[in-house]
Structure formats: structure tokens, C-alpha cells
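Below is one structure, written out as C-alpha cells; comments come after it.
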Amino acid sequence: MIRITDLHHRLGGAPVLNDIDLTIPHGGLTALIGPNGAGKSTLLSLIARLRPIQRGRISVGPHEIGKVADRDLARVLAVMPQSTEVSARLRLAELVGFGRYPWHRGRPGAEDRAQVDRALERFSLTDLRDRFLDEVSGGQKQRAFAAMAYAQDTDYLLLDEPLNNLDIAAARDLMRLMRGLADEDGKTVVVVLHDINYATAFADRLVVMKEGRIAAQGAPSEVVTDTLLAEVFGTTARVAEVEGRPLVIV
Amino acid sequence: MAALLAVCAAGYMLWSAKAPWSFLLPYRATKLAALLLVGVALSVATVLFQTVTANRILTPSLMGFDALYVFVLTLLVHMLGATGYAAIPPGLLFAANLGAMAGLGLLLFAGLMRLAGGDMIRLVLSGIVLGLLIRSMTEFLQRLIDPSEFQTVQSMSFARFTQIDPLLLALSATAILAALAAAWSLRTRLDVLSLGDTAATGLGEPPARLRRQALVVICILVAAATALVGPLSSGGFGPSSFFGLIVTAFAHIVTPTHRHAVLIPSAALVGGLVLVGGQFIMERLFALATPLTVVIELIGGAVFLVLLLKRRAA
Ligand SMILES: Nc1ncnc2c1ncn2[C@@H]1O[C@H](COP(=O)(O)OP(=O)(O)O)[C@@H](O)[C@H]1O
Ligand SMILES: [Mg+2]
């Protein structure tokens, strides 16, 4: 369970997060949605201790962010940031191998190599394992970063807009994989998504943010309504119900 | 590469004897040791520095690390006076210099990197300006010191490749070897840092602390090497700002990997090779009087431009 209490954050003098109180239950897939600039990335990076907390508390399971040692947290929580630029020239297998670092701290063993193979297999990257990152497509690259987070073998997985620049097939593949991680491996997956339809299709729960606050949360069918689209996203798009779940008609 | 280095070293030791061997061998051995130490120290320092700053075109010398060393030295002379300075036991003096350099270097460059905030061009420009600033402050301080006193101090402070004080060599060697061991122990953590700050944090390797540790190692390597041969900026024959650049660019070609377990030894070998081989060719084969520095500067300047332009185009 991720528990956030009384969280405030300012960037460049402007408030970005205001008084966030949020509990993300253990297990399942939670999607974080909201218009651009709502503070989704900031919230995610605070949970993943990528930025220092200014005010408030966040705990991930029994670990309080800011108190738990970085290397201990790295075995509990993995994060795939929004920008996946790496200046080092890496092969896919090497990148995924870094996911094992919190466990071996520089001395990979047989178990670590087996885990990397499993991660590559699961994300269908085995054939590409010796390719360099700049020699694969955008979708394959995103998958490699997701595989790296998976290889980290943590209970919690945070992903910031992993579907960026992916075509529909690649996006659906990746979301199915995330779904599998929640269902089969019992992981707690939190994904920032900008396409509401992907969120309703794959997530158990939605958390909607607007201007640094939580605007709504709950099951997709409860949350995604015409009113929400109008009030949070400022658009008059309509919501239809298709196969028992809400679908935004764009 | 190791074999090539051994050949160069042997050639340097044994080629063309114009003096009795009993004189020549120890003389050349000292010089060879100094060349190797300086080559390896500056190369490894550059590899670390490039990882810490996340780019391939910066070197510690380019950012004024060696200038900082002279500044610290001059400051000491200024405060103590030449006689007071000369009275300090050399070992203590050396340690104090390294300590001051490491502290100041950490302060300045960690601050600079924070200010530049990941903007490479800003970091390069402000680093070069900082280097200039340190150099002119040093010159200013040197003017305040009595000229004749200053000269004696200068001749004491920097040995040259041609006349290396065995004590200084021993001190530098100790410092450099210790710093190299520290660099080696950071190797896997530096690999993680080369993924970028966010990824490194996510993997449980917070960059700030690692950067500080690496900067201390870099400062010690550069300071010890500069102490041994003197910085270019004050007329020393030490390798120039571009030396580290040539070495790392070449090391990345020979061993194209992100792994510091490979890059560190590879750059060390290339560095030793460039200095020893270069000196051997210049001194023995061509009997040229041109200092190696000039050649390195020339080639290095070209490499710098190529790397900069390639970056721009990419
Ligand atoms: N480094 C920064 N300095 C100042 N403001 C920032 C900075 N980074 C982000 N912001 C602002 O914070 C707000 C939230 O950003 P972000 O969390 O990235 O939103 P989202 O991921 O929901 O699009 C935006 O208004 C953005 O302009
Ligand atoms: Mg974002």
C-alpha cells in the first residue's frame, strides 16, 4: 500500500502539488490521469524519491520515503521515468541487467542472469538482446525500460507515460504485460497515462489529478463521466458505454 | 595495448645511450615512472570526470583543476612567506596541498554542476570561465609575492620531467595509487551513474554522494600529477588540457563500452601509451626539442572540435 498524507510541493516558486491525501491499495493496476501539468509526474517522482519531499509524508508498504535507505527501497519499488534517455551506449540485455543492481550491487550471479533472461523473454526482447538501444524502435526501447524495471523484482512498479510514442499494437502489448504483472505476479502497478481509454481498459482504479490536487478516484466506470471530462479536462467529449466500460468518444 | 606500452617503455629505457648506463638507467627510470604516473592519473581522472558530468568533451584540466592546484600552492606561499613555506616538511606540505585542493575542488565543481543543472553547454562555458578566473587570481597573488621569493618557491614546487625529485615522486605515487584504488572501487557504481541521475536513484545509487566521492578522487589524481610535473598554465611540461580528451576518446574507440571496469584500465593504458610513446618518439627517434605538450595540444584541439561538432549535429 502506498500512503500519501498532507503532501505539498513547489517547483520554481509555484505550487505544483496541494494537500494531496491518497491511498493506493496493495495489488492491482492504478492509473494516474489528468491534463498536462496536473502534477502527475511530480507526484510519481516524489513517491519514487527521485525528488526530495518538501512537505508531507509518503510511505510505501512499511517504508517511509526519506527515511528508508535508497538501496533498500530499490528492492521494493522500481520506477520507469517519463524520459528514458540514456547517454551511455548500451545493449538491451545490459540495460535490463541494470535492473538487478539493487540485488547484486555490482557482482551479478547466476540468479541475476536468469532473472534478466526471464525479463527479456517476458517482454519479447530475447531476439534483440544484443542490439544497442539506438538500434531498436521506440516501442522496443520502451519495452526494454519496462523490462529493466521488471528485472528489479520489486513489489511496487511505477511507470510514467510508458505508452509515449507507441503505436496501438505496442501500447496494447505493454499494457497487457502490466496487467499480467498485477494479476499473475501480484505486483502493485501505478501507471501515469494520458489516454483515458487505455486507463479505463486496463486499470482497476483511476486517480484523476487536476492542478496539483486529486480531483476524483475510484473504479473507471464510476470516475469517467461527461462531467469529469468537462470539469477536469475542459473538453466536451462524450462518454459512451461499450462492453460494460466507459469509452471516451474523441 | 599493454604489450605496446611495455615496448615503448623498454624502448624509452634502452634506446641510444649517450652516457654511462649507471647514470642513465636510474635517471630514465625516474622519468619513465613520472610519465606513467601522470599519464595514468590524468586519464583515469578524465574518465571519472566525464561520467560525473555526463558528457564526453570535458576534462578536469579544461575546467581548471590544475589551475586550482597552483592557486592553492600560491595561496600557501602567500600566507606563509617563502621561508615559512620552505620550513614545512615536504610530506606534510604535499598532504596539505592535496587536502586543500580536494576540498576546494569539491566545493567549486559540485556547486558549478548544481548551478548548470544538467545543461552541458552552460557547464562547459562556466567551467572554462572558472578556470580562467582561478588562473588570473593565481597570477594576481603571485604578483603580490616578492618576485625573487616567488621564483625560488616555483622551482621548489614543480618538478619537471627532466629533473624529478625522488621524494616528490614517491609522494605522488602513493597519492595516485591510493586514488586509483578508490576509483577502481567506484567502478560499478559509476556504471549505474552513467544511466543518468533518475535511473541511478531508482536503482538505489543516489548520484550526489557518488559525485562527491568521485570528485575527491579526481582532485587527488590531478593534484598529484600536477605536483609532479607542473601545470601547463605556469610553464610546466605537464600534459595539456586536451590530453585527457584524446585519451578517453581513443579509449572509447578501442573499448566501446559503458563499463568502468573496462574503461578505467583501457584509458589508463592509452594514457600511459600516449605519454611514454610520445615522449620516446619525440626525444629519442626524432631528437626533437619540441615539447610533447605542443603536439598533444594540437591533436587534442582537433579532437575537441570534432567531438563538439559531432554533438551539435547529432
Ligand atoms: N523544474 C520545474 N520548475 C518549475 N516548474 C515545473 C518544473 N517541472 C514541472 N513544473 C511545473 O509543474 C507542474 C506539474 O508538472 P508535471 O508533474 O510534470 O505534470 P504532468 O506530469 O501531470 O504533466 C507543471 O505546471 C509544470 O509546468
Ligand atoms: Mg508528466
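The values are calculated or read from the model by the stated rules, or taken from the named source; none is laboratory data. All values derive from a computational prediction rather than experimental measurement. Note that we place each Cβ from the backbone using ideal geometry, even for glycine, and neighbour counts take in every protein chain shown.
If you filter segment A:141-167 down to residues that are within 18 Å of A:Thr188 (Cβ to Cβ) and assigned to a loop (DSSP other than H, G, I, E, B), you find that the one that is farthest from ligand 1 (Cβ to nearest atom) is A:Asp153.
Residues of segment A:21-50 that are within 16 Å of ligand 2 (Cβ to nearest atom), among the hydrophobic types (A, V, I, L, M, F, W, C) and closer than 26 Å to B:Ala200 by Cβ: A:Leu32, A:Leu43, A:Leu44, A:Leu46, A:Ile47, A:Ala48, A:Leu50.
If you go through segment A:1-43 and keep only what is within 14 Å of chain B (Cβ to nearest Cβ) and closer than 23 Å to A:Glu231 by Cβ, you end up with A:Ser41, A:Thr42. Residues in segment A:10-64 that are within 29 Å of A:Thr235 (Cα to Cα), without any contact (Cβ under 8 Å) to a residue 60 or more places away in the chain and assigned to a strand (DSSP E or B): A:Arg10, A:Leu11, A:Ala14, A:Thr23. Within segment B:105-140, the set of residues being surrounded by fewer than 18 Cβ atoms within 10 Å (Cβ to Cβ) and over 24 Å from B:Asp197 (Cβ atoms) comprises B:Val129, B:Leu132, B:Leu133, B:Ser136, B:Met137, B:Glu139, B:Phe140.
Looking at (1) farther than 12 Å from A:Met80 by Cα; (2) more than 13 Å from the chain's Cα centre (by Cα); (3) of a type outside the set (Asp, Glu), which one does A:Ala182 not meet, given that it meets all the others? Result: A:Ala182 fails condition (2) only.
Matching residues to (1) of a type in the set (Asp, Glu); (2) without any contact (Cβ under 8 Å) to a residue 24 or more places away in the chain:
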| site | (1), (2) |
| --- | --- |
| A:Gln152 | no, no |
| A:Asp160 | yes, no |
| A:Asn165 | no, no |
| A:Met178 | no, no |
| A:Val191 | no, no |
| A:Tyr198 | no, no |
| A:Val208 | no, no |
| A:Glu222 | yes, yes |
| A:Val248 | no, no |
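Among the residues that make up segment A:67-89, is at least one of them more than 12 Å from chain B (Cβ to nearest Cβ) and at pLDDT below 95? The answer is yes, given that some residue of segment A:67-89 is more than 12 Å from chain B (Cβ to nearest Cβ) and at pLDDT below 95.
If you filter segment A:123-139 down to residues that are part of a helix (DSSP H, G or I) and buried (at least 18 other Cβ atoms within 10 Å of the Cβ), you find that the one that is nearest to ligand 1 (Cβ to nearest atom) is A:Leu133.
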